[in-house]
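Read the structure below first, then the notes.
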Amino acid sequence: MIIRIKKDGEDTNEWAIIELQGDLESRTNQSLNDQFIGDLHYTKTGTPILIVGHHILYGKEASLDKPFAVLEKIHYNENDQVVDKSMSDSRTRTEYTVRAIVKKKLVFRVRPKPIIANVPKMV
């Protein structure tokens, strides 16, 4: 997953890859593309925390060996108007726009821990 990082509610214009150990699966077996997965937070010391459902994961930031670009593919017709990719043909031209440079990753290697609320005991 590639995400835009927001720290303290501010958009930092930084992007990162989220690296998880294991698989993410939806209950309905739907694709997870463009779906809400969870909440990403940072502790006061800068440790990333990912909350997925009723589970919490603690991670760490790491630099990528080689940064890479996030590209957007745009199709234009002969009048330089943006067209849907399904309408592209031999008369359209394709342009790639760099949307971001990813320089770091957030690594979550530890198994998720369940979030358990304090439930008062009945006496």
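The values are calculated or read from the model by the stated rules, or taken from the named source; none is laboratory data. Just so it is clear, the structure is predicted and the values come from calculations on it, not from any experiment. For neighbour counting, all protein chains shown are included, and Cβ atoms are generated from backbone atoms with ideal geometry for every residue, glycine included. For the accessible areas, the whole protein counts, side chains as well, though only heavy atoms, and no ligand, DNA or RNA atoms are used. Shrake-Rupley method; radii C 1.70, N 1.55, O 1.52, S 1.80 Å.
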If you go through the range 64-77 one residue at a time, do you hit one that is touching a residue at least 40 places away in the same chain (Cβ under 8 Å) and assigned to a strand (DSSP E or B)? yes
Given (1) open to solvent by 50 Å² or more (accessible area, probe 1.4 Å); (2) modelled with pLDDT under 85; (3) of a type in the set (Gly, Ala, Ser), GLY53 misses just (2)
Inter-residue pairs, beta-carbon under 7 Å, first more than 20 Å from ILE2 (Cα to Cα) and in the range 27-56, second among the β-branched types (Val, Ile, Thr) and open to solvent by less than 70 Å² (accessible area, probe 1.4 Å), 6+ apart: THR43/ILE49
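One line per residue, one yes/no per condition, for (1) among the hydrophobic types (A, V, I, L, M, F, W, C); (2) more than 19 Å from the chain's Cα centre (by Cα):
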{"site": "PHE36", "(1), (2)": "yes, no"}
{"site": "LEU40", "(1), (2)": "yes, no"}
{"site": "ILE51", "(1), (2)": "yes, no"}
{"site": "GLU61", "(1), (2)": "no, no"}
{"site": "VAL70", "(1), (2)": "yes, no"}
{"site": "GLN81", "(1), (2)": "no, yes"}
{"site": "ARG91", "(1), (2)": "no, yes"}
{"site": "GLU95", "(1), (2)": "no, yes"}
{"site": "ILE101", "(1), (2)": "yes, no"}
Only unsatisfied item for LEU32, checking (1) closer than 30 Å to ILE116 by Cβ; (2) in a strand (DSSP E or B), is (2)
Selection within the range 78-123 - farther than 23 Å from LEU40 by Cβ and either modelled with pLDDT of 85 or more or in a strand (DSSP E or B) (or both): VAL82, VAL83, ARG93, THR94, GLU95, TYR96, THR97, VAL98
Taking the condition out of contact with any Gly (no Cβ under 9 Å at 6 or more places or on another chain), assigned to a loop (DSSP other than H, G, I, E, B) and either open to solvent by less than 90 Å² (accessible area, probe 1.4 Å) or closer than 18 Å to ARG109 by Cβ (or both), does ILE37 pass? yes
